[in-house]
Amino acid sequence: MKLEKWQKDIYENVRLGIVELLILQLLREKDMYGYEIRNTLAERTLEAFDLKETALYGPLYRMSSRGLISSRKELVGEKRFRVYYHIEAEGIQYLEYGIEQIKCVFSGIQNLLEGGDKKPND
C-alpha cells in the first residue's frame, strides 16, 4: 500500500534528519548513555522521536567519528559498563548552526502552510 511507503519516506526524511540535533541538545544538558538518550528523547518530544535503541547508535557513531561527541565507559555495578556520550566544542557549534537552520526552515514551512503571504525581509 502506498500510504505505508509514504509514511516510511516521510518519517526518514523529516524525523531522522533531525535526530542528531536533538541528541546533541540532550548532551548539551548533561552526559548520557544510550538507553537514557533514547528514553529522554521519546519523553521530551512527546514520543515523536521514539527510536528503537538500535536506531540510536548509527547517529551516535557518525557524530563520534566527526568529532561532535566523545564517549567514555563507566563501571556500573561489579561487571557492567555503560558508555556515556559527551558533546564536544565542535558539537556545540554544529548544534547552534543546526538550530538556526531548523528555525529558518520551519519559519518558511509555516509561512507556506499559512498561505505564503510573508516575504523574506518582512
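List pairs: first residue in the range 63-91 and in contact (Cβ under 8 Å) with a residue 40 or more places away in the chain and surrounded by 10 or more Cβ atoms within 10 Å (Cβ to Cβ), second residue of a type in the set (Gly, Ala, Ser) and assigned to a strand (DSSP E or B) anywhere in the structure, Cβ distance under 8 angstrom, at least six positions apart or on different chains.
From the range 63-91, the pairs are Val83/Ser71; Tyr84/Ser71; Tyr85/Ser70; Tyr85/Ser71; His86/Ser70; His86/Ser71.
Please pick out the residue among Ile99, Ile69 that is closer than 30 Å to Lys118 by Cα, modelled with pLDDT of 90 or more and hydrophobic (A, V, I, L, M, F, W, C).
Values: Ile69 fails: closer than 30 Å to Lys118 by Cα.
One residue alone meets the criteria, Ile99.
I'm trying to understand the selection: among the residues of the range 15-28, which are surrounded by fewer than 14 Cβ atoms within 10 Å (Cβ to Cβ) and in contact (Cβ under 8 Å) with a residue 40 or more places away in the chain? Can you show your working first?
To start, the set of residues in the range 15-28 that are surrounded by fewer than 14 Cβ atoms within 10 Å (Cβ to Cβ) comprises 17, 28.
Within the range 15-28, just Arg28 meets the criteria.
Does any residue in the range 29-51 that is touching a residue at least 24 places away in the same chain (Cβ under 8 Å) and farther than 14 Å from Val19 by Cα come within less than 9 Å, Cβ to Cβ, of a residue that is surrounded by fewer than 16 Cβ atoms within 10 Å (Cβ to Cβ) and of a type in the set (Asp, Glu) six or more places away or on a different chain, and which pairs are these?
Tyr33/Glu74
What residue, of Glu47, Glu43, is on the phi > 0 side of the Ramachandran plot and exposed (fewer than 13 other Cβ atoms within 10 Å of the Cβ)?
Glu47
How about the range 1-82: which helices (runs of 4 or more DSSP H) wholly inside it have at least 3 residues that are among the small types (Gly, Ala, Ser) and farther than 21 Å from Ile99 by Cβ?
Of the helices (runs of 4 or more DSSP H) lying wholly inside the range 1-82, those with at least 3 residues that are among the small types (Gly, Ala, Ser) and farther than 21 Å from Ile99 by Cβ span 53-65.
The values are calculated or read from the model by the stated rules, or taken from the named source; none is laboratory data. Every value quoted in this text rests on a predicted model; they were computed, and no experiment measured them. Cβ atoms come from the backbone with ideal geometry, glycine included; neighbour counts cover every protein chain shown.
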